[in-house]
Amino acid sequence: MRRVTVVGGGVIGLSIAAELARAGNAVTVVADRSATDSVSAVAAAVWFPYRAGTSPAVPTWLARSLVRFAELAADRATGVDLREGMVVERRPGADRSWTAAVPEHREATTAELPPGALAGVRATVPVITVPTYLAWLHARCDRLGVRYVRRTVGSVDECAADADLVVVAAGLRSGELVDDDTLYPIRGQVVRLPNPGITEWVTDDDNPAGVTYVVSRRNDVVCGGVAEVENWDLTPDPDTEAAILRRTAALVPALAGLPVLSRDVGLRPGRDTVRLERVEGHAVPVLACYGHGGAGVTMSWGCAEAVADLARGS
């Protein structure tokens with residue numbers, strides 16, 4: 001049985017750990033924080049390739065993840081639901097390549113669009129209630145025999161004594177572990193409100209007032225957001241929050257005046273392309289899987305499958 005160490009305990013790391021353990025490997029996840037303390041926990045987590053980069057493999061990862069999440073939606077304990085919503089388009093020639101993976105989508109009608117929108121796509125996709133899902137994913141790893149070690153890894157080679165293969169899936173910290181300076185933070189800020197009974201989601205990334213999205217989950221609604229490149233500040237900004245609440249209430253009037261349940265900030269691991277490949281020059285074989293931007297949850301299962309495929313040949 002091959003020993004595999006996965007560095008990183010967010011949704012990408014845990015998904016990879018589950019796939020590798022399912023393939024018969026002895027897997028250990030090494031991370032300096034739990035998934036609930038990672039940027040994964042901040043995600044609104046509607047299946048959509050937000051800032052997913054330009055890798056030619058993205059369509060495959062998206063499609064495979066959609067299939068896996070659709071399967072999980074049959075079990076309420078996973079926290080995954082299939083929900084209809086809308087992607088608002090305010091610029092001509094909007095990229096609709098993501099719709100190739102989505103069986104249920106159609107053109108939005110004029111009556112369904114917010115003021116100023118040129119067009120839009122209505123689609124039914126997975127919406128993941130992250131707290132429930134992360135608990136389920138952790139339990140899945142437990143059942144597969146995955147071990148956990150809480151510590152900060154200073155270099156990949158530190159893991160060589162206890163591993164036959166190392167997978168680097170540590171989000172923003174990944175670059176320093178494999179000498180890659182192409183990663184950058186994309187700061188996001190969200191506000192969570194009580195759900196007044198809405199079931200749909202809407203994204204309006206080109207809203208002239210700022211990035212706007214509303215994602216209804218089982219017990220709350222995640223409202224966002226911002227996408228601030230190279231901003232490392234993890235403190236919620238009150239002015240940003242007030243602006244988010246104004247924009248989301250304009251988009252979904254039922255949210256106006258609702259009390260704030262919680263607020264959060266996360267740093268998405270930005271990169272021009274997701275890095276999913278072998279990394280040479282280390283004491284043991286190393287695979288990289290990082291740089292998912294705002295699409296970590298969205299592409300998690302597709303990328304985990306791809307890592308498992310690479311691992312079989314490493």
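The values are calculated or read from the model by the stated rules, or taken from the named source; none is laboratory data. What you are looking at is a predicted structure, and each value in this text was computed from that prediction instead of being measured. All Cβ positions, even for glycine, are placed from backbone atoms using ideal geometry, and neighbour counts span all protein chains on display. SASA here: full protein model, heavy atoms, side chains in, ligands and nucleic acids out. Shrake-Rupley method; radii C 1.70, N 1.55, O 1.52, S 1.80 Å.
Counting only DSSP beta bridges with both residues in the chain, what percent are antiparallel, rounded to the nearest 5? Don't skip to the end; give the middle numbers.
Numbers: 43 of 62 bridges.
Counting only bridges with both partners in the chain, antiparallel ones make up about 70 percent.
Counting only alpha carbon atoms, the long axis of helix 11-22 and the longest principal axis of the chain meet at about 50°.
Only one residue of Ala21, Thr5, Gly79 has its Cα farthest out toward the positive end of the dipole of segment 1-109, where Lys and Arg carry +1 and Asp and Glu -1 on Cβ, and that residue is Thr5. Short-range pairs are left out: with C-alpha atoms under 8 Å and at least six residues apart, the relative contact order of segment 1-134 is 26 percent. Measuring with a 1.4 angstrom probe and ignoring ligands and nucleic acids, Ser38 comes out at about 20 Å² accessible.
Defining a contact as two alpha carbons under 8 Å apart and six or more residues distant in sequence, what relative contact order in percent does segment 155-314 show? Dividing the mean separation by the residue count of segment 155-314 yields 29 percent. Once the Cα atoms are used to define both axes, helix 238-251 deviates from the longest principal axis of the chain by about 60 degrees. Relative contact order, whole percent, for the chain stands at 27, derived from Cα pairs under 8 Å and 6 or more residues apart. The label point for Val67 and the one for Ser262, both projected 7 Å from the Cα toward the Cβ, are 3.4 nm apart.
Helical content alone sets the calculated 222 nm signal of the chain at -7500 deg cm²/dmol, taking -39,500 (n - 2.57) per DSSP H segment of four or more residues and averaging over every residue. Using only Cα atoms, find the angle between the long axis of helix 58-72 and the longest principal axis of the chain, and express it within 0 to 90 degrees, rounded to the nearest 10. Compared with the principal axis, the helix lies near 80 degrees.
Given Cβ point charges of +1 (Lys, Arg) and -1 (Asp, Glu) and nothing else, what value in debye, to the nearest 20, does the dipole of segment 1-150 about its Cα centre take? Could you put the intermediate results ahead of the total?
On the way: 18 positive and 13 negative charges, 103 e Å.
Dipole of segment 1-150, to the nearest 20 debye: 500 debye.
Per-residue surface analysis assigns Ile12 an accessible area of about 20 Å², computed on protein heavy atoms at 1.4 Å probe radius. Sparse packing (at most 13 other Cβ atoms within 10 Å of the Cβ) combined with a DSSP loop state is found for the following chymotrypsin sites (Phe, Trp or Tyr not before Pro) in segment 189-282: Trp232.
For the chain, the solvent-accessible area of protein heavy atoms averages 42 Å² per residue (probe radius 1.4 Å; ligands and nucleic acids excluded).
Peptides 202-211, 288-297, 84-93, ordered by how many other C-beta atoms sit within 10 Å of their residues on average, highest first, read 288-297, 202-211, 84-93.
Mind giving me the FRET efficiency for Ser34 and Leu234? R0 is 22 Å, r the Cβ-Cβ distance, nearest 0.05 is fine. Before the final figure, lay out the partial values.
Values: r = 16 Å, r/R0 = 0.74.
With R0 = 22 Å, the Cβ-Cβ based efficiency is 0.85.
By a 1.4 Å probe calculation restricted to protein chains, Val42 has an accessible surface near 20 Å², given to the nearest 10.
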